[in-house]
1. Provide a single number: the residues in region 340-351 that are over 18 Å from the mean Cα position of the chain (by Cα) and either without any contact (Cβ under 8 Å) to a residue 12 or more places away in the chain or not in a strand (DSSP E or B) (or both).
2. For region 273-316, which residues satisfy the criterion of being among the charged types (D, E, K, R), under 19 Å from Asn360 (Cβ atoms), open to solvent by 50 Å² or more (accessible area, probe 1.4 Å) and part of a loop (DSSP other than H, G, I, E, B)?
3. Those residues that are touching a Lys or Arg at 6+ places or on another chain (Cβ under 7 Å) and surrounded by fewer than 21 Cβ atoms within 10 Å (Cβ to Cβ), I need them from region 432-446; list them, please.
4. Given the conditions (1) open to solvent by 70 Å² or more (accessible area, probe 1.4 Å); (2) farther than 30 Å from Leu59 by Cβ; (3) among the aromatic types (Phe, Trp, Tyr), and given that Tyr217 satisfies all but one, which numbered condition is not satisfied?
5. Looking only at region 225-244, count how many residues are over 20 Å from Ile165 (Cβ atoms) and either buried (at least 17 other Cβ atoms within 10 Å of the Cβ) or at pLDDT below 95 (or both).
6. Taking into account only those residues within region 108-127 that are more than 14 Å from Val67 (Cα to Cα) and hydroxyl-bearing (Ser, Thr, Tyr), which is modelled with the highest pLDDT?
7. Taking region 172-202 on its own, how many of its residues are surrounded by fewer than 18 Cβ atoms within 10 Å (Cβ to Cβ) and within 30 Å of Asn116 (Cα to Cα)?
8. Sort through Pro333, Pro361, Pro337 and tell me the only one that's open to solvent by less than 10 Å² (accessible area, probe 1.4 Å), over 20 Å from Ala46 (Cα atoms) and not in a strand (DSSP E or B).
Amino acid sequence: MGVVRCLLALALLLVLCPPLGHAQGVRFQPQSATAAGQGNAFSAQADDPSAIHYNPAGLTQVDGVQVLSGTTLVGGSVKFTSPTGIDSRGDFGGSVALPPPSYSYLSANLGAFGWNSLSNVTVGLGLTSPFGLNIRYPMDGPFSSAVTSAALPLIDIKPTMAYKINNQLAIGVGADIYTFASFLGQGHVEQKQSIGGASFELNGNGTGAGANFSLLYTPLRNSDDKPIASIGLVYRTQAVVPLNGSLLINGTKVADASTNLVLPEIYTGAIAIWPVRTREREWKLELDVEYVGWKSNRDLDVHLSSGGGILQPQQWKTVPLVAIGTEYKWLDPAWFPRWDVAVRSGYTRTEDPVPDRTYNPAVASLPAHTISIGAGFLCKEGGRFLGMMMCGGQQGSMPWPKAIGFDVAFQEWLYEPRTVAGNLNPTVNGNYHAHIHLGTFSFKFMF
């Protein structure tokens, strides 16, 4: 019992103290390497601690105490050509966005603490960067009156609980606490502009909350009681983050400023099937469909203490997202004993929610096709991780994980070109091209 408490305390430190960062767009989808390698199609599988993000009900499939933590390296650029042929280029703060967006999860089945009557209950805690951006353009660029740089280092703290009703049905519930932290970037949202030779900055921070509710239905299992067909349903509520900060001109504060950041409600439906699931091999196929309710983002109007305000209409629209993913896994193969090895691939189609009239280059919002590949390695008892550490068993007086996993994934975001016309700020009108590539990796420890 004392050992388990010690592991829980150590794991909690890992969850609360990861390196976090901003993302490449409004919504940052990859929140684990396992899911990212499958095009983020994971809500019906949801069988590791990242279920806290993808489908909390799936936590009921996660045994014992487990910790998963990872980070993502994001690079790319946005290119702009005005109707008169003027070119400009933006990036995400450098060749790689720093600090990198990261994620950490801790899950614990209460049966692991000796509470057998609560073995159907699993609790978890997550920390992610689900929404965010970090982008910069030249100070003398063609649309500097709209934006020269922007950052949204928002984090999501996710306390979660899941309950297994029976062998076919599990439910999950959790909170999404959105906030900012002083150790992350500037610790606030900010947007900078250059107007008439003067530099304008709007910034602010605050805390808001939402909730999520989920279900995992498993109608078919094999003789080893493993799912061969699963259906996942997830609902994430809208959240409003009140932002309070300042308006600065040439670095001098001229007024207090406030607005509301509205984050969308999201509906997710997913189905996964395993055409092959034996003790030697597993093959999974999954389809996820989401509807992201960006229509709630009507405006970002700023209210100033000096009186008046700054109108920033948005009028975004609700858009679908479709993800298809697959995973093929070898379990303890003769050519790599004491290990499980997985290969993954996937495709995601993301629609554009932003109309031409209110488009702002601060958000690289273009329709996108995402191609994903990935791999996973799980070292079990009797194996050696990286040829050095034993997996499983006890190492002297120290508790030791019974399995250690390492996952990697790569995504290439292929954006469709976009021509913006009729914008409220005419300098924004023109042609936009973007490309983004990212690599993510994570470690998993199973106690």
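1. 0
2. Arg298 - this is the single residue of region 273-316 that is among the charged types (D, E, K, R), under 19 Å from Asn360 (Cβ atoms), open to solvent by 50 Å² or more (accessible area, probe 1.4 Å) and part of a loop (DSSP other than H, G, I, E, B).
3. His433
4. Tyr217 satisfies every listed condition except (2).
5. 4
6. This residue is Ser119.
7. Total satisfying the criteria: 2.
8. That would be Pro361, the only listed residue that is open to solvent by less than 10 Å² (accessible area, probe 1.4 Å), over 20 Å from Ala46 (Cα atoms) and not in a strand (DSSP E or B).
The values are calculated or read from the model by the stated rules, or taken from the named source; none is laboratory data. Bear in mind the structure is a predicted one, so any value in this text is a computation, not a measurement. Note that each Cβ is placed from the backbone with ideal geometry, even for glycine, and that neighbours are counted across all protein chains shown. Protein only, heavy atoms only, side chains kept; ligands, DNA and RNA dropped before computing areas. Shrake-Rupley method; radii C 1.70, N 1.55, O 1.52, S 1.80 Å.
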